[in-house]
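The values are calculated or read from the model by the stated rules, or taken from the named source; none is laboratory data. Computed from a prediction, not measured in an experiment: that's the story for all the values here. Cβ coordinates were reconstructed from backbone atoms using ideal geometry, including for glycine residues, and neighbour counts include every protein chain displayed. Areas reflect the complete protein model, heavy atoms only, side chains present, ligands, DNA and RNA absent. Shrake-Rupley method; radii C 1.70, N 1.55, O 1.52, S 1.80 Å.
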Amino acid sequence: MTLFIIAYLAGLLTIATPCIFPILPFVLARAGEPFLRSGLPLLLGLAVAFAVVATLASVAGGWAVETNSYGRAAALAVMTLFGLTMLLPVLATRMMTPIMFIGLRLSHWAAQRAPAEGTKSASSVVLGMATGLVWAPCAGPVLGLILSGAALSGPSIKTSLLLLTYGLGAATSLAGGVFLGGRLLAVVKRSIRWGDGIRRILGAAVVAGAAIIWLGLDTDLLTRWSSVTVTTLEQNLLVELRNEPALIVHSARAAPAPALSPPLLSLLGARQWLNAPPLQASDLRGKVVLLNFWTYSCINCLRMLPHLRAWAEKYHDRGLVIVGVHTPEFAFEKDSVNVAKALTALGITYPIAIDSDFGMWRAFGNQAWPALYFIGADGRIRKRVLGEGGYAESERLIQQLLSEANGTAPSKDIAAVTGEGPQAAADERDLHSLETYIGYDQASGFASSDGMQKDVPILYRIVSPTINRWGLAGIWSVGGEFATLKDPRGRIAYRFHARDLHLVLAPSSPGNAVRFRVRLDGAPPGADHGSDVDAEGWGSVQDGRLYQLIRQTGPIADRTFEIEFFDAGVRAYSFTFG
């Protein structure tokens, strides 16, 4: 019973997470109608559809996911049509017959023709089920626990009821939005007589919400806004469930065994794995697990890799399981083909879980790239380390956990690790420049003339940058995540103080190489060139990744870096230093 209460409360909390935003227009579009005949059936339909689809996805394998992708597309088409008919009354009239056929009574037509109460309720249920099909909820620790437990224990009424309870909690929060929206609409209608205008505004909001989901922004931008407070609240609720999660896990195996912690259970719900088949509970239970959150264009993550590879080789036979969780920072890192190529180039052979929707990131309440989670043989998280460094202490903790698991004395030797290229340790003594983003969402230190203009091609001119400032030259369009070169010639300059300079770059179209040349204080870099350019500074952007452009061999001082591109279409994301 406790788990049902927690599931309901976790569903309530989804109203405070960004991932709920895309479905709000569909719910608020019914705010001005009778709640019992319109709002309530819609919300119940949403909860039921979510419970059914989530149950199938958790226990039925890949075919359910593939089938739901088609159902999701059909549901999006229905809701887009619903919004368009609110926006365009003529379309509503012409589409009356097919809409009636699928049970969706459009609000404008319904107001004119006064449909029967039962029909109105049925159409609201259909719209609610369509909304449930496209809802990608922010999967915090509670939902991760439910889904992972379902994957372990197989189909059960309890699993479906827990998911339905979670959905009902979310529906309860949305019901508050319906009541609030209905009262607001009533006030507006009394104040002004723009009934058609209000309907069109709601219709536009519905179409916009559908567009967000069609474009994948609900799992791209919105899920990248970390809901730290909500995740923390859910984790606090789970503290009271110390014995409850074990019931779900143990139902998959009759013999008693140490329980997996709720966050670790979410790992088993990963939909895609690289380097290994999907991990099962038996692969983790009773093992010492080292979990690494990373992304392949992150310089801090790359510098940790030599240590992870060394530990995997040294301690695998003693019972250590290293698992990488690839949670992307940039959009091109969501492509699993790109991730697979990066694994080969980086020499990573241990299992990698793809976490492009940030589900596992939220389940663990993670806050940084890279991050290490040390999990003992008892299935509990013993320590979390955010960021680089402390590798000797981390290895000693691995030795201690393995000693506890195997009943042997811990070894005391520490692996000698050196990295090459971007994976080499940073020169902390002379590292006076920090990570700098180029997209306007997080940009800082921009020094070009006329300032930065958002999402429009502009001819920029470089103003001689001072330390830790940068600028553009040529025709660039600066977006939220990256800047795109629109002309065959363009430059970026940065005044920095560090041994290494890296730049995350990508071609705008896969397979299109973009030539570039690097200069340091106006001259070819010579011996100070990075691993991705030659001594004359020449290189090319062929894939989306981090490029090491400068590695100085002499004394470190303030230097001016410049990169010139000779083809249009390159995308520049961020500078990092080492």
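Data table
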{"quantity": "Scan of region 309-333 for residues that are open to solvent by less than 20 Å² (accessible area, probe 1.4 Å), in contact with a Leu (Cβ under 8 Å, 6 or more places away or on another chain) and in a helix (DSSP H, G or I), ordered by number", "calculated": "Trp311, Tyr315"}
{"quantity": "Residue in region 461-481 that is most open to solvent (accessible area, probe 1.4 Å), counting only those that are under 29 Å from the mean Cα position of the chain (by Cα) and over 30 Å from Thr553 (Cα atoms)", "calculated": "Glu481"}
{"quantity": "Qualifying positions in region 496-510 - over 18 Å from Thr553 (Cα atoms) and open to solvent by 10 Å² or more (accessible area, probe 1.4 Å)", "calculated": "Pro507, Ser508, Ser509, Pro510"}
{"quantity": "Test: residue in region 279-299 that is aliphatic (A, V, I, L, M), open to solvent by less than 10 Å² (accessible area, probe 1.4 Å) and over 27 Å from Gly379 (Cα atoms)", "calculated": "yes"}
{"quantity": "Residue satisfying all of: in region 363-388; touching an Asp or Glu at 6+ places or on another chain (Cβ under 9 Å) and closer than 25 Å to Ile299 by Cβ; modelled with the lowest pLDDT among these", "calculated": "Gly365"}
{"quantity": "Residues located in region 347-366, provided they are closer than 20 Å to Ala331 by Cβ and not in a loop (DSSP other than H, G, I, E, B)", "calculated": "Ile352, Ala353, Ile354, Gly359, Met360, Trp361, Arg362"}
{"quantity": "Whichever residue in region 411-431 is of a type outside the set (A, V, I, L, M, F, W, C) and open to solvent by 100 Å² or more (accessible area, probe 1.4 Å) and, among such residues, is farthest from Arg309 (Cα to Cα)", "calculated": "Arg429"}
{"quantity": "Matching residues in region 306-330 - criterion: being within 24 Å of Ala572 (Cα to Cα), in contact with a Phe, Trp or Tyr (Cβ under 8 Å, 6 or more places away or on another chain) and not hydroxyl-bearing (Ser, Thr, Tyr)", "calculated": "His326, Glu329, Phe330"}
{"quantity": "Hey, Ile458 out of contact with any Cys (no Cβ under 8 Å at 6 or more places or on another chain), farther than 19 Å from Gln552 by Cβ and open to solvent by 30 Å² or more (accessible area, probe 1.4 Å) or not", "calculated": "yes"}
{"quantity": "Odd one out for Asp357, checked against (1) more than 28 Å from Glu428 (Cβ to Cβ); (2) touching a residue at least 24 places away in the same chain (Cβ under 8 Å); (3) open to solvent by 10 Å² or more (accessible area, probe 1.4 Å); (4) over 21 Å from the mean Cα position of the chain (by Cα)", "calculated": "(4)"}
{"quantity": "Residues (hydroxyl-bearing (Ser, Thr, Tyr), within 27 Å of the chain's Cα centre (by Cα) and outside any loop (DSSP other than H, G, I, E, B)) located in region 408-460", "calculated": "Thr436, Tyr437"}
{"quantity": "Any pair with Cβ under 6 angstrom, 6 or more apart, that starts in region 496-519 at a residue that is modelled with pLDDT of 95 or more and ends at one that is in a strand (DSSP E or B) and open to solvent by 50 Å² or more (accessible area, probe 1.4 Å)", "calculated": "Asp500/Arg551; Ala506/Arg571; Arg517/Trp538"}
{"quantity": "Filter result (on the phi > 0 side of the Ramachandran plot and open to solvent by less than 90 Å² (accessible area, probe 1.4 Å)) within region 432-454", "calculated": "Gly445, Gly451"}
